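Report on one structure; see the data block that follows.
The numbers here are math on the coordinates, done by the rules we state, and not lab data. Just so we're clear, the structure is a prediction, and the values are computed from it rather than from any experiment. Here the Cβ positions follow ideal geometry from the backbone for every residue, glycine too, while neighbour counts run over all protein chains shown.
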Amino acid sequence: MNYTKSSIVFAAVIMSAQMAWAEEVRVYNWSDYIDEDLLSKFEEESGYKLIYDVFDSNEVLETKLLAGGSGYDVVVPSGTFLQRQIMAGAFQKLDKSMLSNMGNLWDVVQDRTDTYDPDGAYSINYMWGTTGIGVNVAKVTEILGEDAPIDSLALVFDPANMEKLAECGVYFLDAPGEIVPAALQYLGEDPDSKDLDVLAKAEPLLAAVRPYVLKYNSSEYISALANGDICVAFGWSGDILQSRDRAAEADNGVEIAYSAPSEGALMWFDQMAIPVDAPNPTGAHAFLDFIMDPENMATASNYVYYANGNLASQPLLEEDVIGDTAIYPDAKTLETLYITTPYDAKVQRFVTRMWTRVKSGT
Amino acid sequence: MNFRRIFLFSIPYIWLLALFLAPFLIVLKISLSDIALAIPPYTPTLDLSGGWVAFKDFFSQLDFENFTFLASDSLYWKSYLSSVQIACISTFICLMIGFPIAYGMANAPQEWQPTLMLLVILPFWTSFLIRVYSLIGILSQDGILNQFLLWLGIIGEPLVILNTNWAVYIGIVYTYCPFMILPIYATLTKLDASLLEAAEDLGCSRTSAFWQITVPLSKSGIIAGCFLVFIPALGEFVIPSLLGGSSTLMIGKVLFEEFFANRDWPVAGAVAVILLLILIIPIVLYQRNEQKMMEAKK
């Protein structure tokens, strides 16, 4: 009798353990990219156990996805990476009947993300931003004068400016997919060109300013700019705005300004998608629907200072987010922003090789 | 030969087969394939359900294209050469620092030795990554080292160490020195002290006794230590990417770029296969030499 009883208890434990396993939702998002209160809110509302994991480069995410069996239910690649991963068969189509908040999305953003994912069949927009220039206003105007071109690519691509700025420190993103298109835009070429001869034109320009770049790095500029260690960073909008806020909080006399270059800036999109082999697609859809809730999306944007693709969330955004043209560009600036599409393997190799040559001289 | 002996004998071989040879063959196979936009990102993939025909078809699609590609771009051989150079110099510095430490430990009073041993191992209690990160704080322009040297008045301007090859050498030597000290210490403690007494009785000076007895008898420890430092240093990725500058060329960084930036697993595989060959050749030569010497003794 006892034997039967204990085996029933044992079986129940096993079953509940298995059910607990099935009720997990595993999300893989960029680091520092959400208000963590939202995570516990999702657990409370949905009853799922949320496992939230972070990465800091598209390349790392892509390698996990392409290796297969990543074990994640929701991942957040950027547009160009998403497009290539869709072609590789890495994602499953969204079941829109499970996404009641789909109607909250913003058509201005959707029109652009359709380039990567037509009709949003595989993904929803989480946040978006631009790649541009952050400056320490006082130091740059001291060196280059009051009329320093802080909103122009000439600030970072004209060797005459860079030579002077080198004394107070300049960082570039270590991301050829962002810097090479900007160089082409500055030269008046198509920033999204896949023509090797056109792409090669970026090299002399980048090599000419290379001696004045202190470092190529995609994350350290946030604190370096805020501390006053450097005076110019070619980086991502939200990161530079975070550094502006850090400097303001520290009250160290450093004033940071971000501008999307007047010649036109790269506009990028981080998209939430569900891997083809996600263990819990139902839970993944629940998470996407939770994120598309206007209140939740507004909480996230108010916290990380990035614009989102959710129109219904806009009335709930704080004034220093929705009212800041560095986050939500005005209509005129929006027109100058460009987007890029993925390189194929051959072009990617050419660009990576050129980038290595620019950085190391080899 | 009884069953027990065969069993004991086979454990290291099964270990090697499962955890070295099989993964190596997989990497070799990937290095002979072509890049593709798929999961996994290369072609062809072996489908055993297709039977013998699929198997033959699979092999006919493999080629050495990626290896000829590596030969066509100077980046690769320059990176291999620079890695070998950095690994050799680091190993030499580790030996110069590690041998005296091991010698001192072996000659310390018996009751101190466990404590000294513990001190050598102590850094391993902290994560490798955290130790390398903390070197950033020490070596940076306004870091502890520069502030200390400025305070002493040795230098007038802060030295640029971080993001140069100097920082890479400091990082590798700091991280791998224990691997040099421990095997040398192990051989030195086993050294028969009566040999040194005999040498001195026969009129040998202490210095020449050191060179003629201590050093040759600790040879196996020195060689083991050098291998333990050289091999991981050659393929090191974390140290050059955190401490090195953009002009630091090391094959670990090239491998990372091939794998992550270019998504080219086949070329990354070819880079890894050649790296392994670079490591295996000196080991095989050394073993042959040892065998010859053993035979000569007989």
Sequence neighbours fewer than 8 away in the same chain don't count; with that in mind, list the lysines whose C-alpha is under 21 Å from B:Lys298. B:Lys219
Compute the long axis of helix A:2-22 from its Cα atoms, compare it with the longest principal axis of the Cα atoms of chain A, and write down the angle in degrees, 0 to 90, nearest 10. 30
Determine the percent antiparallel among the DSSP beta bridges restricted to the protein assembly as shown, to the nearest 5. 60
Distance from the Cα centre of segment B:203-232 to that of segment B:96-137, in angstrom? 19
One quarter of the C-alpha convex hull surface, i.e. the mean projected area of segment A:189-266 in nm², amounts to 6.0
Segment B:72-297: relative contact order in percent, alpha carbon pairs under 8 Å with at least 6 residues between: 29
For chain A, the longest principal axis of the Cα atoms and the Cα long axis of helix A:237-250 enclose an angle in degrees, to the nearest 10, of 80
Between the helical axis of A:176-186 and the dominant principal axis of chain A, each derived from Cα atoms, what acute angle in degrees is found, rounded to the nearest 10? 40
Any idea what the dipole of the protein assembly as shown comes to, in debye rounded to 20, about its Cα centre with Lys/Arg Cβ at +1 and Asp/Glu Cβ at -1? 4000
Separation of segment B:1-16 and segment A:47-69 by C-alpha centroid, Å? 41
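Taking the Cβ of A:Pro176 as the center, what net charge do the other residues with Cβ under 12 Å away carry, scoring Lys and Arg +1 and Asp and Glu -1?
Details: positive: A:Arg349, A:Arg353, A:Arg357, A:Lys359; negative: A:Glu59, A:Asp174, A:Glu178, A:Glu203, B:Glu257.
Overall, the nearby charge balance is -1.
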For segment A:265-271, Karplus-derived ³J(HN,Hα) couplings (6.51, -1.76, 1.60; θ = phi - 60°; whole Hz; x for glycine and proline) come out as 10, 6, 9, 10, 9, 9, 10
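By DSSP, what percent of the beta bridges with both residues in chain A are antiparallel, rounded to the nearest 5?
Working: 23 of 38 bridges.
In chain A, approximately 60 percent of DSSP beta bridges are antiparallel ones.
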Roughly how big is segment B:72-297's charge dipole about its Cα centre, with Cβ charges of +1 (Lys, Arg) and -1 (Asp, Glu), in debye to the nearest 20? 260
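Cβ under 12 Å from A:Arg353's Cβ, A:Arg353 left aside: what net charge do those residues give with Lys, Arg +1 and Asp, Glu -1?
Summing Lys/Arg as +1 and Asp/Glu as -1 gives -1.
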Too long at a 32 Å Cα-Cα cut-off: which of A:Lys215/A:Lys346; A:Lys64/A:Lys359; A:Lys49/A:Lys194; A:Lys139/A:Lys332; A:Lys346/B:Lys253; A:Lys139/B:Lys253? A:Lys49/A:Lys194; A:Lys139/B:Lys253
Candidate span helices, chain B: DSSP H, at least 30 Å along axis from Cα coords, Kyte-Doolittle average at least -1.0, result B:74-107, B:165-190, B:265-297
